[in-house]
Amino acid sequence: MKSQFKAHPWHGVSIGKNTPEIVTAFIEIVPTDTMKYEIDKESGYLKIDRPQKFSNIIPALYGFIPQTYCGKTVAEFAASKSKKSNLAGDGDPLDICVLTDRHIPHGDLLLNAVPIGGFRMLDKGEADDKIIAVLKEDEVYRNWTDVNEVPKALINRLHHYFLTYKNMPGEEVHSTEITHVYNKEEAQEVIRRSMYDYKHEIT
């Protein structure tokens, strides 16, 4: 498999430096979506993965960073930070949540985002990090340079979404676990590792 993504116009986009201050994000879903969309790895087109089962609404733009891959080195970093053993990468591009004051009505688009932190999420023994970023030049949110500047209520909403979006109503046991909320520096390390995994495990 020489490429994760074959037929989409952003294939070949480079996110640049080893310590990226700005990343390219491909947005799959927006807060108003009642469907879960994701890229089909074979065709490169956006597809319907499933209808959203319940009333959970993601409070940010959600997608991934092209030319990243959560493989061996991402999993090793997650294991060392969470003190968990035998973790694997989830085998997908690195997820990203982008905060913006602007209404963006649909996904299937590229944007520039500034990473400011992230969640260390584990899903059934797999590292499934979620980078938190702000839309580049957003008039309201661009002054947030690290996740500790984001209101706790907003972080809690993101936290709640990812802990519950796969659960059946009334189900007490979560299928996902968030071990840490981490800062910008650690987010950049996760991004670097996902770029390394893409280069060495995919291309």
Notebook entry, point to check: In what sequence, highest mean first, do 151-157, 129-135, 84-90 appear when ranked by Cβ atoms within 10 angstrom?
Noted result: 129-135, 84-90, 151-157
Check: Which of the chymotrypsin sites (Phe, Trp or Tyr not before Pro) found in segment 54-116 are loop residues per DSSP with 14 or fewer other Cβ atoms within 10 Å of their Cβ?
Finding: F54
Item checked: Three-way shape label, segment 113-154, alpha-carbon gyration tensor, a/c 1.5 -> prolate
Margin query: Can you give the local net charge around L46? Use residues other than it whose beta-carbon is closer than 10 angstrom to its beta-carbon, Lys and Arg +1, Asp and Glu -1.
Written below: -4
Checklist line | Label-to-label distance, nm, for residues given as D123 and S80 (7 Å Cα→Cβ offset) | finding: 2.5 nm
Item checked: Extension gain, T164 back to A88 (0.36 nm per residue minus Cα-Cα distance, nm) -> 25.2 nm
Note to self: Of all beta bridges DSSP finds with both residues in segment 65-203, what is the antiparallel percent, to the nearest 5?
What the structure shows: 70 percent
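Any read-out appearing in this document is the output of simple, stated calculations on the displayed coordinates, not a laboratory observation. Remember, it's a predicted structure, so these values are computed and weren't measured experimentally. Quick reminder, even Gly has a Cβ in these numbers, built from the backbone with ideal geometry, and neighbours come from all protein chains shown.
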